[in-house]
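Have a look at the structure below, then the notes.
The values are calculated or read from the model by the stated rules, or taken from the named source; none is laboratory data. Note that this is a predicted model, so its numbers are computed, not measured. Positions of Cβ are backbone-derived with ideal geometry, glycine not excepted, and every protein chain shown enters the neighbour counts.
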Amino acid sequence: MNQTVNRPSTLSHSQTLRFVLTALFIALVLLLGLTPIGLIPLGFINVTILCVPVIVGTLLLGLKPGLILGFCFGGVSALSAFGIYGTPSALAGALVAASPLLAAIMCFLPRLMVPVVAHFVYKLASKGQEARVGAVSFAAVAGSLTNTILYLGLMLLFYILMGINSEKVLALITGTGLIAGTAEAVVAALISTPVLAALWKVQHK
């Protein structure tokens, strides 16, 4: 008598969905980073929203996919800083010329810390409960500020280490941090909160 053996599939439905969503978020990071869509012009300065898909992806899918998204964010930043895609800023360009290694660290480290900080701040704010919309804003603000503070802080530190004139840079970094950093944190919270609320609602249907 022939018996049919049902073998378990290599990937479960949830795992497949996780891979697909991770790929979609990676594509979104690249789309925003390699096109003007990722910048919101405020007239005096441009505010980036690249932190948003990293934060949303982290809170939706977990820390490991979030780190992948953070790495992609860093890769996009490096492409810009090294002039491979687009025009690098004067500040980033000067550091690249002085030390490509330090410039690469400045591009990747802050972006990799965004999902880490967002993940743990959300866990703390939600008190371990899942799908807590109220905790998303705290995580989004923390993740965005982490990116701003670390990126500009490392830039200033590396300028000092390389002996590049850091006095003028300090004023620019302070102004940029206060204006753009605050605006980016607010934008991250305003976008991430409703987007995650909608995604969680669909996910639990």
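Going through region 121-158 one residue at a time, which ones are of a type in the set (Gly, Ala, Ser) and out of contact with any Ser or Thr (no Cβ under 7 Å at 6 or more places or on another chain)? Hits for region 121-158 are Ala125, Ser126, Gly128, Ala131, Gly134, Ala139, Ala142, Gly143, Ser144, Gly153.
Among residues of region 168-193 that are closer than 16 Å to Val56 by Cβ, those with a Cβ under 7 angstrom from a residue that is at pLDDT below 85, sequence gap 6+ or separate chain, pair up as Glu184/Val47; Glu184/Thr48; Val187/Ile40; Val187/Val47. Restricting region 28-65 to residues that are within 13 Å of the chain's Cα centre (by Cα) and of a type in the set (Gly, Ala, Ser), which is modelled with the highest pLDDT? Checking each candidate, the answer is Gly57. If I ask for residues that are of a type in the set (Asp, Glu) and out of contact with any Ser or Thr (no Cβ under 8 Å at 6 or more places or on another chain), which ones from region 166-189 would you list? Glu167, the sole residue that qualifies.
Within region 46-64, if we keep just the residues that are touching a strand residue (DSSP E or B) at 6+ places or on another chain (Cβ under 7 Å) and among the polar types (S, T, N, Q), the residue that is surrounded by the most Cβ atoms within 10 Å (Cβ to Cβ) turns out to be Thr48. With Ile173, Ile191 as the choices, which residue is of a type in the set (A, V, I, L, M, F, W, C) and either at positive phi or under 19 Å from the mean Cα position of the chain (by Cα) (or both)? Ile191 is the lone residue from the list that is of a type in the set (A, V, I, L, M, F, W, C) and either at positive phi or under 19 Å from the mean Cα position of the chain (by Cα) (or both). In summary, Gly75 fulfils each of the numbered conditions (1) farther than 17 Å from Val195 by Cβ; (2) touching a strand residue (DSSP E or B) at 6+ places or on another chain (Cβ under 9 Å) with the single exception of condition (2).
Please indicate, with yes or no, whether at least one residue in region 93-110 is touching a residue at least 60 places away in the same chain (Cβ under 8 Å), closer than 17 Å to Ile49 by Cβ, in a helix (DSSP H, G or I) and not charged (D, E, K, R). No - not one qualifying residue is present in region 93-110.
Residue by residue, here is whether (1) in contact with a Gly (Cβ under 6 Å, 6 or more places away or on another chain); (2) among the small types (Gly, Ala, Ser); (3) under 21 Å from Leu61 (Cβ atoms) holds:
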position	(1), (2), (3)
Leu95	no, no, no
Ser99	no, yes, no
Cys107	yes, no, no
Glu130	no, no, yes
Leu154	no, no, no
Phe158	no, no, no
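Whether any residue in region 67-88 is in a helix (DSSP H, G or I), at pLDDT below 90 and out of contact with any Ser or Thr (no Cβ under 7 Å at 6 or more places or on another chain) is what I want to check. Yes. In the set Gly128, Gly134, only one residue is part of a helix (DSSP H, G or I), at pLDDT below 95 and out of contact with any strand residue (DSSP E or B) (no Cβ under 7 Å at 6 or more places or on another chain); that residue is Gly134. Taking the criterion of being surrounded by 18 or more Cβ atoms within 10 Å (Cβ to Cβ) and within 11 Å of Gly70 (Cβ to Cβ), the residues of region 113-155 that qualify are Met113, Val114, Pro115, Val117, Ala118, His119, Gly143, Thr146, Asn147.
Quick grid of which residues meet (1) assigned to a helix (DSSP H, G or I); (2) at pLDDT 85 or above; (3) of a type in the set (Asp, Glu); (4) crowded, with 18+ Cβ neighbours inside 10 Å:
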| position | (1), (2), (3), (4) |
| --- | --- |
| Tyr159 | yes, yes, no, yes |
| Asn165 | no, no, no, no |
| Val169 | yes, no, no, yes |
| Ile173 | yes, no, no, yes |
| Thr182 | yes, yes, no, no |
| Ala185 | yes, yes, no, yes |
| Ala189 | yes, yes, no, yes |
| Ser192 | yes, yes, no, yes |
| Trp200 | yes, yes, no, no |
